[in-house]
Amino acid sequence: MKILVVGSGGREHALVWKLAASPRVRRMWVAPGNAGIGLEDLASGAGRVECVPISAEDLDQLLEFARTHHPDLTVVGPDNPLALGIVDRFQREGFSIWGPNQSAARFESSKAFSQSFMEKYGIPTARAGVFTEAGPAREFVASLGGRCAVKADGLALGKGVLMCEDREQAYRAVDEILVRRSFGAAGSSVIIQEFLEGIEVSLHALCDGRTALLFPTSQDHKRALDHDQGLNTGGMGTYCPTPFLSEAELEQAGRAILNPWLAGCAREGIDFKGILYPGLMLTKQGPKVLEFNARFGDPETQVYLTRMENDLLELLEASVSGNLSRCRLQWKPMASVCIVIASAGYPGPYQKGKPIHGLAEVAGLPGVKVFHAGTSLNRADVVTNGGRVLGVTALGADLAGARNAAYAAVDRIRFEGAQCRRDIGWRALEQTREQV
Ligand code: AMP
Ligand code: GLY
């Protein structure tokens, strides 16, 4: 089979690595890929993964590439091309493509759509209101006592969520989104949610339009610095599984979210094929959905796919063809941890082009896989090319073992200004310690 993967981050490297392990893949292109992706060999022995210099958002060029090379399956990693309708355009020309179509991708591209959907179909979520005018939005803020989350409706590079401690902050947030239009068209409406307290976990479910297969829980660390200090980032590290929901609780939470969600999709004629990724707050009143994403999480993918036993290609094919009810997800009975190494300054401005040392040294470590996120090649040298640079991922018998292995590898990798969090997994380790 010939596969085209769209995207260039750590998530896409993990997808490519897992797909390349499928014996049926004879050729794989990645647009645009990164330095690490271009070093992956196909398990079929048919060669190496090929990076093609087309941006993930250049749908015209991607289609042109498909017309010339005829991939049997295209796999979309990031949210932007999904929101732009890549799936619809590929399908119109008869290409098989994995990911939600533009209408289904609204679960991520419009928080207002998601919020209304959750309320309509009884999916547990925060108390919330959706507004297009500042006056009523302010009144709602006041009714919540000021402490709330103020969110721009559309995709805003992960920056459209403003957590507010009091009324003044929340009024300013409403003005920034609705009046000053700091997020452009993404802020034509605003969602205001009550502030939920609890532990946050990521859920993923692979869907084919009728069936949703739930993954184990994972947890991301969104703040840049240890002890959850510093600015919000795309994610500085993950681990899987988490100890915060027992298997029975996970099944119950999955049912409470996915059953009404599937019923709502059927009622609204939404054919969701892809990953539904609810961000969940475990509150005293039970799990509540903060938001839906319509793609794999990054860096959640890195810990999920290192634990996954299944052939990912078969799962994605079943998702596209509507045959997931015949599949069962299987996971290695181990823990996986991913530590993100980022450029100095991230999530603010940062420099690129710093040579990365130590990659060859860690390549041989058992149970360790370094996924590249923001890297490129400068002749034969791998150099930094983004904010999040690498996702150092390790398996272990338990979380502590996986974490030690991951940090042992991190410590052998060097580039100027490299920064990472040193406390990935701390909540789970603390909880486990309390139970002992
Ligand atoms: P979102 O993009 O909607 O997931 O929001 C980004 C982050 O803001 C989440 O991962 C949470 O940490 C936080 N957040 C969002 N909504 C809420 C809420 N209603 N209560 C508390 N924290 C929230
Ligand atoms: N891990 C955060 C995200 O993918 O949105």
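The values are calculated or read from the model by the stated rules, or taken from the named source; none is laboratory data. Because the structure is predicted, anything quoted here is derived from the model rather than measured. As a convention, Cβ positions derive from the backbone with ideal geometry for all residues, glycine included, and neighbour counts pool all protein chains shown.
What the table below lists for this structure:
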quantity: Counted residues, the range 163-195 - those being among the aliphatic types (A, V, I, L, M), surrounded by 20 or more Cβ atoms within 10 Å (Cβ to Cβ) and under 22 Å from the mean Cα position of the chain (by Cα); calculated: 2
quantity: Options LEU245, LEU282: the member that is among the hydrophobic types (A, V, I, L, M, F, W, C) and within 16 Å of ligand 1 (Cβ to nearest atom); calculated: LEU282
quantity: Count of the range 198-212 residues which are at positive phi and within 12 Å of ligand 1 (Cβ to nearest atom); calculated: 1
quantity: Qualifying position, being within 21 Å of the chain's Cα centre (by Cα) and more than 19 Å from PRO78 (Cβ to Cβ), among LYS288, LYS284, LYS273; calculated: LYS288
quantity: Filter result (under 21 Å from VAL303 (Cβ atoms) and within 16 Å of ligand 2 (Cβ to nearest atom)) within the range 11-61; calculated: ARG11, GLU12, HIS13, ALA14, LEU15
quantity: Filter result for the condition that a residue is within 11 Å of ligand 1 (Cβ to nearest atom), closer than 22 Å to LEU315 by Cβ and among the hydrophobic types (A, V, I, L, M, F, W, C), over PHE292, PHE296, PHE195, PHE215; calculated: PHE292
quantity: Some residue of the range 217-229 being over 28 Å from GLY345 (Cα atoms) and either touching a Leu at 6+ places or on another chain (Cβ under 8 Å) or within 16 Å of ligand 2 (Cβ to nearest atom) (or both); calculated: yes
quantity: Residues (within 16 Å of ligand 2 (Cβ to nearest atom), in contact (Cβ under 8 Å) with a residue 60 or more places away in the chain and within 19 Å of ALA128 (Cβ to Cβ)) located in the range 169-202; calculated: GLU200
quantity: Members of the range 54-78 found to be surrounded by 15 or more Cβ atoms within 10 Å (Cβ to Cβ), in contact (Cβ under 8 Å) with a residue 60 or more places away in the chain and not polar (S, T, N, Q), listed by number; calculated: PHE65, ALA66, PRO71, ASP72, LEU73, VAL75, VAL76, GLY77, PRO78
quantity: Residue, farthest from GLY387 (Cα to Cα), within the range 136-168, restricted to residues that are touching a Leu at 6+ places or on another chain (Cβ under 8 Å) and more than 16 Å from ligand 2 (Cβ to nearest atom); calculated: ALA137
quantity: Enumeration of residues in the range 209-235 that are crowded, with 22+ Cβ neighbours inside 10 Å and of a type in the set (D, E, K, R); calculated: ASP220
quantity: ILE192 being touching a helix residue (DSSP H, G or I) at 6+ places or on another chain (Cβ under 6 Å) and either closer than 22 Å to GLN285 by Cα or at pLDDT 95 or above (or both); calculated: yes
quantity: For ALA224: the one exception among (1) in contact (Cβ under 8 Å) with a residue 60 or more places away in the chain; (2) more than 21 Å from GLN431 (Cα to Cα); (3) hydrophobic (A, V, I, L, M, F, W, C); (4) touching a helix residue (DSSP H, G or I) at 6+ places or on another chain (Cβ under 8 Å); calculated: (4)
quantity: Failed item in (1) touching a strand residue (DSSP E or B) at 6+ places or on another chain (Cβ under 9 Å); (2) in contact (Cβ under 8 Å) with a residue 40 or more places away in the chain, with ASP311 passing the rest; calculated: (1)
quantity: Cβ pairs under 9 Å, 6+ apart, first in the range 119-148 and polar (S, T, N, Q), second more than 16 Å from ligand 1 (Cβ to nearest atom) and part of a helix (DSSP H, G or I); calculated: THR132/LEU178
quantity: Count of the range 261-279 residues which are within 16 Å of ligand 1 (Cβ to nearest atom) and basic (Lys, Arg); calculated: 0
quantity: Sole residue being over 25 Å from the mean Cα position of the chain (by Cα) and either more than 10 Å from ligand 1 (Cβ to nearest atom) or among the acidic types (Asp, Glu) (or both), chosen from SER143, SER116; calculated: SER143
quantity: Pick from the range 398-417, criterion in contact with a helix residue (DSSP H, G or I) (Cβ under 9 Å, 6 or more places away or on another chain) and in a loop (DSSP other than H, G, I, E, B), ranking: surrounded by the most Cβ atoms within 10 Å (Cβ to Cβ); calculated: ILE413
quantity: From the options TYR346, TYR304, residue that is more than 16 Å from ligand 1 (Cβ to nearest atom), of a type in the set (Ser, Thr, Tyr) and within 16 Å of the chain's Cα centre (by Cα); calculated: TYR304
quantity: In the range 1-28, the residues that are charged (D, E, K, R) and surrounded by fewer than 24 Cβ atoms within 10 Å (Cβ to Cβ); calculated: LYS2, LYS18, ARG24, ARG26, ARG27
